[in-house]
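Shown next, in structure tokens, is the structure this report addresses.
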């Protein structure tokens, strides 16, 4: 009887030990299996660095406005997210965010402002130029296609345009054309 109890305790101990060992192995292997990202991945990926020409503090001029707006473009999330934080005057401000996805090899962006507008974009970026497209619905319910272009004109100048199309991209209307001049060249 004593021997049976010892064998049963020994088997239970061995079963618990095996379960704990398997749990430890899974907990060590799970981050690798889920594709845990290396924080340096974005900073070292040339595709993620293609919009770096836009980084910095900018004075932005555009038709109809006599006082330049301000824009600050910086990196967040271990250099994986490019953020433009802008003040457009007349209590209008917003943020544009862009990131390269190594999963689908595409650029994605989002625009949001303090007037409740949000737009989501997908795009392509090449050295010195970017183009993003995304749908939106106007206040009257009409569907639009938006196109944003960001082009490096020189090391201290960038141009951003925002166009809209109500005919799925056959024709475009200019909504915004901003000339960015580096604030501290």
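Using alpha carbon coordinates only, what is the Rg to Rh ratio of the stretch 54-185, with Rh defined as the Kirkwood radius?
My calculation of the ratio gives 0.95.
Tell me, in nm to one decimal, what length is gained between residue 93 and residue 184 on full extension, where the rule is 0.36 nm per residue of separation less the Cα-Cα distance?
30.6 nm
Quote to one decimal, in nm, the extra length available between residue 105 and residue 136 on full extension: 0.36 nm per residue of separation minus the C-alpha distance between them.
That pair, residue 105 and residue 136, stretches by 8.8 nm at full extension.
Relative contact order of the stretch 42-182: what whole-number percent is it, with Cα pairs under 8 angstrom and at least 6 residues apart?
17
Using packing as a proxy for protection, rank 150-161, 83-94 so that the peptide with the highest average count of other Cβ atoms within 10 Å comes first.
150-161, 83-94
Give me 180, 62, 100 ranked fewest to most by other Cβ atoms within 10 Å of their Cβ, as a rough exposure proxy.
Neighbour counts put them in this order, fewest first: 62, 100, 180.
According to a simple spin-label model (label point 7 Å from Cα along Cα-to-Cβ), what is the distance in nm between residue 170 and residue 70?
4.5
Every number in this text was worked out from the coordinates using simple rules, so none of it is lab data. All of these numbers come straight from a predicted model, not from anything done at the bench. Quick reminder, even Gly has a Cβ in these numbers, built from the backbone with ideal geometry, and neighbours come from all protein chains shown.
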